[in-house]
Amino acid sequence: MEEITLTAGQHDLIYNLISMTLAVMGGAFIFFLASMKRINRKHRASMIVSAVIVAIAGYHYWRIFGSFESAATMLEGGGYAFATEAFNDAYRYVDWIITVPLLMVELVLVLDFKDDVRRKFIAKMSVAAFLMIALGYPGEVATSTSAVLLWGTLSTIPFLYLLYVLWSEIGTAIEGESDRVKVLMRNTRLLILATWGVYPIAYLAPVMGFEGATALVVLQVGYCLADMTAKAGYGVMIYSIARQKTVEEGGVTERVEVATGGAAAVPE
Ligand SMILES: *C/C=C(C)/C=C/C=C(C)/C=C/C1=C(C)CCCC1(C)C
């Protein structure tokens with residue numbers, strides 16, 4: 001089994017960041033559920049999906065945290081011996097397989113795509129996301145540079161396709177929206193580009209000339225920061241789109257069935 005030595009500082013950085021990511025996912029979960037009241041019912045599905053995503057990620061972070069803890073053994077002279085094979089990083093890939101398509105679902109729900117466009121978009125994105133993650137995994141666990149680069153390159157093809165479709169579909173979807181919603185959607189698009197772009201960079205850490213311990217730090221720090229922003233931060237952006245639309249619709253209205261069979265709007 002491969003074992004690397006982490007300084008106390010390297011160990012604590014990863015340890016605390018995984019812990020922080022777990023806390024952020026938990027906090028985001030409460031925020032999304034609690035904020036549901038502030039947006040109109042027709043946009044609420046996107047908030048539910050946001051909450052599901054951070055709940056799934058939170059669970060995986062809890063497992064990653066435990067796995068990291070048990071793979072590290074404190075050394076007498078300071079620092080930690082870290083058994084890389086005992087650290088189950090596959091939790092991340094399992095998480096992505098579920099959460100990446102859900103992130104796309106969250107988006108189409110708030111963008112109000114037409115039904116047929118929505119179905120096609122979700123299908124295309126799910127296939128691309130699956131290929132991206134499935135092709136990336138063999139490279140994540142590979143030890144040779146050539147295998148990392150090969151799988152990384154193959155995974156980048158669906159990744160670029162995904163970004164391209166996302167970019168153009170959002171471009172089309174924002175046309176009919178108000179100026180404020182347009183700005184929020186453009187920012188969301190940039191957030192996706194900036195945060196998703198971190199994953200392939202972090203993935204390359206082991207072949208970018210970093211030695212074992214440093215590569216582990218770069219990779220774990222990169223994935224943690226990217227997950228916090230791409231899931232919780234992104235969810236907050238989606239919330240602000242839903243909230244803005246609600247404001248433009250005249251505030252939150254609850255539809256209440258009345259005896260006549262009609263519906264009355266009751267402002268909260
Ligand atoms: C919440 C999790 C998200 C948004 C995960 C996104 C993951 C990626 C964009 C991963 C991309 C990769 C490549 C483009 C090439 C190398 C392998 C991956 C899987 C790290």
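The residue that is farthest from the ligand (Cβ to nearest atom), among those in region 99-119 that are surrounded by fewer than 16 Cβ atoms within 10 Å (Cβ to Cβ) and over 18 Å from R44 (Cα atoms), is D116. Consider region 206-217 and keep the residues that are closer than 15 Å to E140 by Cα and touching a residue at least 24 places away in the same chain (Cβ under 8 Å). The one that is farthest from the ligand (Cβ to nearest atom) is G212. Screening the candidates T84, T73 for the property of being in contact (Cβ under 8 Å) with a residue 60 or more places away in the chain, hydroxyl-bearing (S, T, Y) and either closer than 19 Å to A23 by Cα or away from the ligand (no atom under 14 Å from the Cβ) (or both) yields one hit, T84. Of all the listed residues (I53, I30, I48), the sole one being of a type in the set (V, I, T), surrounded by 15 or more Cβ atoms within 10 Å (Cβ to Cβ) and either touching a strand residue (DSSP E or B) at 6+ places or on another chain (Cβ under 9 Å) or over 25 Å from A215 (Cα atoms) (or both) is I53. Taken together, the criteria exclude V49 from residues that are out of contact with any Leu (no Cβ under 9 Å at 6 or more places or on another chain), within 16 Å of the ligand (Cβ to nearest atom), within 30 Å of G250 (Cβ to Cβ) and not charged (D, E, K, R).
Taking region 74-84 as the range and being over 25 Å from the mean Cα position of the chain (by Cα) and surrounded by 12 or more Cβ atoms within 10 Å (Cβ to Cβ) as the test, the residues that pass are L75, G79, Y80, A81, F82, A83. Of all residues in region 85-116, those being touching a Gly at 6+ places or on another chain (Cβ under 8 Å) and under 24 Å from T214 (Cβ atoms) number 1. Which residue is farthest from the ligand (Cβ to nearest atom), if the candidates are limited to region 120-162 and must be closer than 21 Å to I192 by Cβ and touching a Lys or Arg at 6+ places or on another chain (Cβ under 9 Å)? Among those that are closer than 21 Å to I192 by Cβ and touching a Lys or Arg at 6+ places or on another chain (Cβ under 9 Å), it is Y161. Among the residues of region 165-205, those identified as in a helix (DSSP H, G or I) and near the ligand (Cβ under 10 Å from one of its atoms) are I192, T195, W196, V198, Y199, P200, I201, A202, Y203.
Filtering region 1-27 to residues that are surrounded by fewer than 17 Cβ atoms within 10 Å (Cβ to Cβ), over 21 Å from L103 (Cβ atoms) and not small (G, A, S) leaves M1, E2, E3, I4, T5, T7, D12, L13, N16.
No value in this document is a laboratory result; all are computed from the given coordinates. Note that the structure is predicted; figures quoted are calculated from it, not measured. No Cβ is skipped: glycine too gets one built from the backbone with ideal geometry, and neighbour counts run over all protein chains shown.
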